[in-house]
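What follows is a set of notes on a single structure, which appears directly below.
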Amino acid sequence: MHDIRVVREAPDSLREGMRRRGKWDSLGPLVERAVALEGERRAAIQATEEKKAARNATSQEVAKRKKAGEPTDDLLAKGRAIGEEIAQLEARQVAAQSELDEILVGLPNITLADVPEGDETANTVVRSWGTPRAANSVKPHWEVGAAAGMLDLERGAKISGSGFIVYRGVGARLQRALVSMMLDLHTKEHGYEEAWVPLFVNRESMTGTGQLPKFEEDMYALRDDALFAIPTAEVPVTNLLRDEILDGARLPMAMTAYSACFRREAGSAGKDTRGLLRVHQFDKVELVRWCAPEDSAAQHELLTGHAERVLKLLDLPYRVLLLAAGDTGFSSAKTYDLEVFAPGVGKWLEVSSCSNFTDFQARRANIRYRPASGEKPRFVHTLNGSGLALPRIVAGILEHHQQPDGSVKVPAALASYLGADRIAASAG
RNA sequence: GGACAGGUGGCCGAGUGGUUGAAGGCACCGGUCUCGAAAACCGGCAUACCGGAAACGGUAUCGUGAGUUCGAAUCUCACCCUGUCCGCCA
């Protein structure tokens, strides 16, 4: 959500922000409409408040006269007339306000200055780690997984539908091992507080982090309750501090949470339909940070490093992409994607997306901090990143660590959690 | 799910439809006193928005939303949340 003051005082920054995302054609008219509405709104507010002041004065006069035992009929009539005028002015104000809100809540965040302009072709690799194996030099993960008895995609489809996965045997155990390994790393070495959160949240929470109102189609909703299945733990975790004023001395705050994530993947039919690359329910460990505005750029690098650390421990070659403005998510001001190379499918897989939301989510969710006692509250900056998403990590492991005999070597850091240093080629 | 009770400032807590933004207390800040502290006493102490260079003025806010009224913390309705008891339940 953008500050209404930006609309009034710096509309050019809003215009430039939309243009840099390549969205001027669709969003430009909305920005201009917002600027006009803000003027109408202010005029209506001023007129309304004048009338209300008059009404209050009249009411007080009524009280005075009643005390003195004087007649008040003329004042009552006057008050009624003012009341009608107020009702009309308020209707104008509410109309302008609600249209304005609707526009503002639908405008994406303004990207930071160091984010390249343009669409995804302008994404840039900022660094990479490890040596990827040659594309198509190994079997794709779904073949290895099926042979090893780890994956049961057919039965997942039977009980829920396509895009729902059943892990079995060592596959199921691998999920648990990965989650434990990541949570231990982030809590013990990176200083995050662990949280375990609801998988269903209300509309306010979804709006707070920016999933609503624009992306309602992408989410699962319950039929009989006003709840949505979370697409990421970012939503419940970030909203934990909604409508709160944090102690500035306690910033930055950091929480990590494992959760299942649910995505309808509306509009992505036909893409990555095989294996684990795009599914409706998956597991993820999420990292969330809250900090002071001047600190968020550094916090973003820190958080990205925490996610990268998981990939290093899993010994998976990866690259870090700085997303161009047009490819940066709705709420984000700057995003790094971490991609792992999966030689079996011959593709770079996005396994983490680390974003700085500046005050965009904080404004929507009303998360503030008091810099020092006695000072006024300011909006925090929020950040989050996957640390990491499991299915594509599993794909990466099954492909990158695949041995010639079809077995899979388990990275040392994970072996103790899995209780094995190798996944056999067949379930035996 | 049923029956009650209740939601007021950072906290506790009063509040007959008419100077109630809201008594009182606690906490907090400043001062007097003191060698210093405590106690006591005096004073201050909500937020947002609008106008204004400022002083200051205006508007709104007593769970949320609507309604009645010249005027609502106070009356009406709906919803949300909390507590207690009963029922059900992993």
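The values are calculated or read from the model by the stated rules, or taken from the named source; none is laboratory data. Given the structure is predicted, the values throughout are model-derived calculations rather than measurements. Ideal geometry is used to build each Cβ from the backbone, glycine not excepted, and the neighbour counts take in all protein chains shown. SASA here: full protein model, heavy atoms, side chains in, ligands and nucleic acids out. Shrake-Rupley method; radii C 1.70, N 1.55, O 1.52, S 1.80 Å.
If I ask for residues that are more than 8 Å from RNA strand B (Cβ to nearest atom) and assigned to a helix (DSSP H, G or I), which ones from the stretch A:62-85 would you list?
Answer for the stretch A:62-85, where residues must be more than 8 Å from RNA strand B (Cβ to nearest atom) and assigned to a helix (DSSP H, G or I): A:Arg65, A:Ala68, A:Asp73, A:Asp74, A:Ala81, A:Glu84, A:Glu85.
Go through the residues of the stretch A:307-328 one by one and say whether even a single one is crowded, with 24+ Cβ neighbours inside 10 Å, of a type outside the set (A, V, I, L, M, F, W, C) and at pLDDT 95 or above.
Within the stretch A:307-328, one or more residues are crowded, with 24+ Cβ neighbours inside 10 Å, of a type outside the set (A, V, I, L, M, F, W, C) and at pLDDT 95 or above.
Among the listed residues A:Lys214, A:Lys188, identify the single one that is farther than 26 Å from A:Ile397 by Cβ, basic (Lys, Arg) and either touching a helix residue (DSSP H, G or I) at 6+ places or on another chain (Cβ under 7 Å) or surrounded by fewer than 19 Cβ atoms within 10 Å (Cβ to Cβ) (or both).
Numbers: A:Lys188 fails: farther than 26 Å from A:Ile397 by Cβ.
Of A:Lys214, A:Lys188, the one residue that is farther than 26 Å from A:Ile397 by Cβ, basic (Lys, Arg) and either touching a helix residue (DSSP H, G or I) at 6+ places or on another chain (Cβ under 7 Å) or surrounded by fewer than 19 Cβ atoms within 10 Å (Cβ to Cβ) (or both) is A:Lys214.
Take the residues in the stretch A:67-101 that are touching a residue at least 40 places away in the same chain (Cβ under 8 Å) and open to solvent by 20 Å² or more (accessible area, probe 1.4 Å), then tell me which one is nearest to A:Pro29 (Cα to Cα).
Applying the filter and picking the extreme gives A:Glu99.
Yes/no matrix, rows are residues, columns are (1) on the phi < 0 side of the Ramachandran plot; (2) β-branched (Val, Ile, Thr); (3) part of a loop (DSSP other than H, G, I, E, B); (4) exposed (fewer than 15 other Cβ atoms within 10 Å of the Cβ):
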| residue | (1), (2), (3), (4) |
| --- | --- |
| A:Ala257 | yes, no, no, no |
| A:Ala269 | yes, no, yes, yes |
| A:Asp272 | no, no, yes, no |
| A:Gly275 | no, no, yes, no |
| A:Arg278 | yes, no, yes, no |
| A:Val285 | yes, yes, no, no |
| A:Arg289 | yes, no, no, no |
| A:Ser296 | yes, no, no, no |
| A:Glu301 | yes, no, no, yes |
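Against the definition (surrounded by fewer than 17 Cβ atoms within 10 Å (Cβ to Cβ) and within 26 Å of A:Arg274 (Cβ to Cβ)), how does A:Ile165 come out, yes or no?
Numbers: surrounded by fewer than 17 Cβ atoms within 10 Å (Cβ to Cβ): no; within 26 Å of A:Arg274 (Cβ to Cβ): yes.
So A:Ile165 does not fit the description; no.
Taking the stretch A:18-41, which residues are more than 18 Å from A:Gly326 (Cα to Cα) and touching a residue at least 60 places away in the same chain (Cβ under 8 Å)?
Answer for the stretch A:18-41, where residues must be more than 18 Å from A:Gly326 (Cα to Cα) and touching a residue at least 60 places away in the same chain (Cβ under 8 Å): A:Arg33, A:Ala34, A:Leu37, A:Glu38.
Being open to solvent by 30 Å² or more (accessible area, probe 1.4 Å) and in contact (Cβ under 8 Å) with a residue 60 or more places away in the chain is the filter here; which residues of the stretch A:352-374 pass it?
Correct list: A:Asp359, A:Arg363, A:Arg364, A:Asn366, A:Arg368, A:Arg370, A:Pro371, A:Ala372.
Conditions: (1) under 30 Å from A:Ala424 (Cβ atoms); (2) touching a residue at least 12 places away in the same chain (Cβ under 8 Å). A:Arg242 meets all but one. Number of the miss?
Here A:Arg242 meets the rest and fails (1).
Considering only residues of the stretch A:208-250 that are assigned to a loop (DSSP other than H, G, I, E, B), of a type in the set (A, V, I, L, M, F, W, C) and in contact with a Pro (Cβ under 7 Å, 6 or more places away or on another chain), which is farthest from A:Ala292 (Cα to Cα)?
A:Met219
Would you mind telling me which numbered condition in (1) in a strand (DSSP E or B); (2) more than 30 Å from A:Leu104 (Cβ to Cβ) A:Ser180 fails?
(1)
Given A:Val285, A:Val340, A:Val345, which one is closer than 25 Å to A:Glu204 by Cβ and hydrophobic (A, V, I, L, M, F, W, C)?
A:Val285
Condition (residue is open to solvent by less than 30 Å² (accessible area, probe 1.4 Å) and farther than 30 Å from A:Glu339 by Cβ) applied to the stretch A:105-118: is it met by at least one residue?
Within the stretch A:105-118, one or more residues are open to solvent by less than 30 Å² (accessible area, probe 1.4 Å) and farther than 30 Å from A:Glu339 by Cβ.
For the stretch A:237-252, check the following and say yes or no: at least one residue is modelled with pLDDT under 90, open to solvent by 20 Å² or more (accessible area, probe 1.4 Å) and under 17 Å from the mean Cα position of the chain (by Cα).
Taking every residue of the stretch A:237-252 in turn, at least one turns out to be modelled with pLDDT under 90, open to solvent by 20 Å² or more (accessible area, probe 1.4 Å) and under 17 Å from the mean Cα position of the chain (by Cα).
Can you name every residue in the stretch A:202-211 that is within 15 Å of A:Arg264 (Cβ to Cβ) and open to solvent by 10 Å² or more (accessible area, probe 1.4 Å)? Lay out the reasoning, then the answer.
Within the stretch A:202-211, the first condition is being within 15 Å of A:Arg264 (Cβ to Cβ), and the residues that meet it are A:206, A:211.
Residue satisfying the conditions is A:Gln211 alone.
Of the residues that make up the stretch A:392-400, is at least one part of a loop (DSSP other than H, G, I, E, B) and either over 18 Å from the mean Cα position of the chain (by Cα) or surrounded by fewer than 23 Cβ atoms within 10 Å (Cβ to Cβ) (or both)? Give the steps one after another, and end with the answer.
First pass over the stretch A:392-400, keeping only residues part of a loop (DSSP other than H, G, I, E, B): none.
There is no residue in the stretch A:392-400 that is part of a loop (DSSP other than H, G, I, E, B) and either over 18 Å from the mean Cα position of the chain (by Cα) or surrounded by fewer than 23 Cβ atoms within 10 Å (Cβ to Cβ) (or both).
Only one of (1) away from RNA strand B (no atom under 16 Å from the Cβ); (2) surrounded by 23 or more Cβ atoms within 10 Å (Cβ to Cβ) is not met by A:Pro404, so which one is it?
(2)
Taking A:Pro377 as the residue in question, decide whether it is open to solvent by 40 Å² or more (accessible area, probe 1.4 Å), over 24 Å from A:Gly163 (Cα atoms) and in contact (Cβ under 8 Å) with a residue 60 or more places away in the chain.
yes
Given the condition without any contact (Cβ under 8 Å) to a residue 12 or more places away in the chain, under 30 Å from A:Pro108 (Cβ atoms) and open to solvent by less than 90 Å² (accessible area, probe 1.4 Å), answer yes or no: does some residue in the stretch A:43-53 qualify?
Yes - at least one qualifying residue is present in the stretch A:43-53.
If I filter the stretch A:15-36 for residues that are within 24 Å of A:Met206 (Cα to Cα) and within 16 Å of RNA strand B (Cβ to nearest atom), do I get at least one hit?
yes
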